[in-house]
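Accompanying notes for the structure given below.
The values are calculated or read from the model by the stated rules, or taken from the named source; none is laboratory data. Treat the numbers as computed from the prediction; the structure is a model and nothing was measured. Every residue, glycine as well, gets a Cβ built from its backbone with ideal geometry; the counts of neighbours run over all protein chains shown.
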Amino acid sequence: MARPPIPTALKKLRGTYRKSRARNEPFIESPLPAPPGTFSEGELLAWKDIAGTAVPGVLTAADAISVELASRLLAECRTNPAMFGARKMALLFSLLGKFGLNPSDRGKLDLPEPTTDRFNPFAKFKKPVDPLDKYRPHAS
């Protein structure tokens, strides 16, 4: 069976995005909606854990059903781990991996460095740094 394609958002976060190989994939701007009203307390907690742990911008409204399934599985695993089978565990691990929430997939993400100038009102006047400057000889 062929390997499923990786979403463009994850490719950009991992640093593997290549415009020449980009697919014309739909862009969904709407964020992840509120959890379903039919959730139990444990499922609601699992939804909040998944949504709160995911890298911002990865989960959208199109992922709501997958997040719902993962939330139900995670709540069931937490409630009764002895009766949670290997197939369900593999499915849960697969779903979490697709969201970038397991250690191996999280390690593939290439996130930008957080800026310390976020709250500095004068940061917009700062000269942008050329990433190639570190390779150029500097006049001393």
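Among the numbered conditions (1) farther than 20 Å from residue 100 by Cα; (2) within 14 Å of the chain's Cα centre (by Cα); (3) of a type outside the set (Asp, Glu), the only one that residue 62 does not meet is (1). Take the conditions surrounded by 10 or more Cβ atoms within 10 Å (Cβ to Cβ), closer than 16 Å to residue 100 by Cβ and at pLDDT 95 or above and apply them to residue 9. Does it pass? Spelling it out, it is not the case that residue 9 is surrounded by 10 or more Cβ atoms within 10 Å (Cβ to Cβ), closer than 16 Å to residue 100 by Cβ and at pLDDT 95 or above.
Give the residues of region 12-50 that are charged (D, E, K, R) and within 19 Å of residue 96 (Cβ to Cβ), sorted by residue number.
Across region 12-50, the qualifying residues are 14, 43, 48, 49.
If you go through region 69-103 and keep only what is under 19 Å from residue 40 (Cα atoms) and assigned to a loop (DSSP other than H, G, I, E, B), you end up with 80, 84.
Residues in region 22-60 that are charged (D, E, K, R) and either closer than 18 Å to residue 9 by Cβ or touching a His at 6+ places or on another chain (Cβ under 8 Å) (or both): 3 in all.
Filter region 24-38 for residues that are hydrophobic (A, V, I, L, M, F, W, C) and modelled with pLDDT of 80 or more; which is surrounded by the fewest Cβ atoms within 10 Å (Cβ to Cβ)? For region 24-38, the residue satisfying everything is 34. Under the condition of being surrounded by 18 or more Cβ atoms within 10 Å (Cβ to Cβ) and not basic (Lys, Arg), the residues counted in region 65-74 number 6.
The residues in region 3-49 that are of a type in the set (Lys, Arg) and either assigned to a loop (DSSP other than H, G, I, E, B) or touching a residue at least 40 places away in the same chain (Cβ under 8 Å) (or both) can be counted, and the count is 4. Screening the candidates 21, 87 for the property of being loosely packed, with under 10 Cβ neighbours inside 10 Å, of a type in the set (D, E, K, R) and either at pLDDT below 80 or closer than 19 Å to residue 106 by Cβ (or both) yields one hit, 21. If the condition is being within 16 Å of the chain's Cα centre (by Cα) and among the hydroxyl-bearing types (Ser, Thr, Tyr), then region 26-59 contributes 30, 53.
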